[in-house]
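FYI, it's all coordinate maths here, none of it is from the lab. Predicted model only: the values in this text are computed from it and were never measured. Here Cβ is always computed from backbone atoms with ideal geometry, including for glycine, and neighbour counts include all displayed protein chains.
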Amino acid sequence: MATKIQTLALSSALLALSAGGAFAGQAQRQPVPMAHEKAPLTQAAALIDSYPATDKTPGIVAVVGQGDSAPTVLAAGKIAAEEGTAKADADSLWRVYSMTKPITAMAAMMLIEEGKMKLDQPVSDFIPAFKNMTVLVDPAKDLTARPATRPITVRHLLTHTAGLGYTIITTGPLLKEYERQGITPFTANAQVEAQMRLARPKTLQEFANRVAGLPLIADPGTKWSYSIGLDVMGAVIEKASGMPFDTFLQKRIFTPLKMSSTFFTVPTADAKRLVTGYTWVGANRVPLDPGATSVFLQPPSFPYGGAGLVMSAHDYDRFLHMLQNGGTLDGARILKPATVALAMSNLLPEGVTYGGAVANTGGATGQSQGFGAGGSVYLVDMPGGPSKGTYGWGGAAGTIAWVDPVRHLRATAMVNYLPGEKWPLRRDFTKALYADLAQ
């Protein structure tokens, strides 16, 4: 049985895993190349410096890129609070949690581009167990369910409109069933992980098949609800590509983009770069997953397409740079420009709206945002902020990343504490960066 602190830490982790929201809108306007010199990021730099200085976090790193010039790295503090630990820099390794989702989504878009799957193709074509889904009649009462009115499609998985649940969002009897069957595709620390593995499936395909056997919270294509859709997408990618999900990502995205510091399992030799993950228990910040002995040094039950990656800020910038350039970087073509534009557009089914992510994630609410492939998209220009077409998402431990295709701009900010909304980094970093650009 977990200790009280472990239980509190897990509660924080579960809550924070929902805190992924970031940015959004339709990527229809052509990007405007940056013709001027890079703006001095004085306000953004001051904000980054303030986080360790005021003990909000031991260390923080942000990487900002404009056009194809070398990105600006803003770094402050250390990778852990203890004396003698390394300084945080662009190569430090961070748990990006839900910032894994856009990467999984772009892998799916690659297969759509190649004709190996279609955006509106039923998921059951790849995983037959999804053929006859059911929907809860009264989610608060019991698991009584009726037949779903339509099949789950690839689009639904990419946009959180499949009707799937998430242990951080779902409540009542369905939540208990998710927990009983181990539908928990995330990692917090070694103690929590040991408990989760008692029930969790041991393979990605077994995970997907278990999910298919559970009722949905809504008919597919009728409601936006944050979900395990991108984790299920990993299983679909395996079937459509004919190779393991993590192998596909490595061969088709990480290696071509020279993302050499992106891992589902951090090699022992790189443990010295892995930051310590923290959690806040009241006013106290306590280590949740020390970098030197991190649970991420051990292989996960299976690769989690929704929350599994550990990465450097440099590597996430490489991924964003590819999107900013319409699918290519340094001679490596990952996607066609039209596919990137589609992925970064509003892909929500007709009649479905995205009102914003859970509180304090930095994402706007109301009609200003839609949802694309694994991330939110701005539908309008935000005064003093992101342009229409800006695409991105955040992670449970406070991270944030986005691409503004109109400004030819991309930005990543990395911290590692739960809950990620403990401090308003996402909101404040966005505000500071665009204020710098305005000057």
Explain nothing, just compute: Karplus ³J(HN,Hα) = 6.51 cos²θ - 1.76 cosθ + 1.60, θ = phi - 60°, for every residue of the range 406-416 in order, whole Hz, x for Gly and Pro. 5, 8, 6, 10, 9, 8, 9, 10, 10, 9, 9
In sequence order, what are the phi-derived ³J(HN,Hα) couplings for the range 182-198 according to the Karplus relation 6.51 cos²θ - 1.76 cosθ + 1.60 with θ = phi - 60°, rounded to whole Hz, with x for glycine and proline? x, 7, 10, x, 7, 10, 10, 7, 5, 5, 5, 4, 4, 6, 4, 6, 5
Taking H as built 1.01 Å from N, whose amide H comes closer than 5 Å to the amide H of Thr353, not counting residues under 5 places away? Trp224
Beyond 29 Å (Cα-Cα) in this structure, taken from Lys223/Lys251; Lys56/Lys272; Lys258/Lys336; Lys202/Lys251; Lys56/Lys101; Lys87/Lys251, we find Lys223/Lys251; Lys87/Lys251
Could you give me the ³J(HN,Hα) list for the range 247-259, computed from phi with Karplus coefficients 6.51, -1.76, 1.60 and θ = phi - 60°, whole Hz, x at Gly and Pro? 5, 4, 4, 5, 6, 9, 10, 5, 5, x, 8, 6, 8
Quick check: convex hull over the Cα atoms of the range 4-438, volume per residue in Å³, rounded to an integer? 128
Between the range 203-222 and the range 275-308, what's the alpha-carbon centroid distance in Å? 26
Within 10 Å, at most 10 other Cβ atoms, and a DSSP state outside H, G, I, E, B define an exposed site. Report the longest part of the chain free of exposed GluC sites (Glu not before Pro). 84-349
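Can you give me the relative contact order of the range 315-439 as a percent, contacts being Cα pairs under 8 Å and 6 or more apart? Don't skip to the end; give the middle numbers.
Working: 214 pairs, mean separation 24.7, N = 125.
Normalised by residue count, the contact order of the range 315-439 is 20 percent.
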Quick check on the chain: helices-only [θ] at 222 nm, where DSSP H runs of length 4 and up contribute -39,500 (n - 2.57) each and the sum goes over total residues. Nearest 500, please. -8000 deg cm²/dmol
Reach of Lys239 by Cα under 18 Å, taken over aspartates and glutamates that are not fewer than 8 positions away in the same chain: Glu113, Glu114, Asp120, Asp125, Glu206, Asp231
Just how many % of Cα pairs in the range 233-384 lie over 25 Å apart, if you round to the nearest whole percent? 45
Contact order normalised by length for the chain, with contacts defined as Cα pairs under 8 Å and 6 or more residues apart; what percent is it? 30
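Roughly how big is the chain's charge dipole about its Cα centre, with Cβ charges of +1 (Lys, Arg) and -1 (Asp, Glu), in debye to the nearest 20?
Numbers: 39 positive and 33 negative charges, 102 e Å.
Roughly 480 debye, rounded to the nearest 20.
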Amide H contacts of Gly59 (H built 1.01 Å from N, under 5 Å, at least 5 apart or other chain): Lys78
If you average the alpha carbon positions of the range 56-87 and of the range 366-426, how far apart do those two centres end up, in angstrom? 19
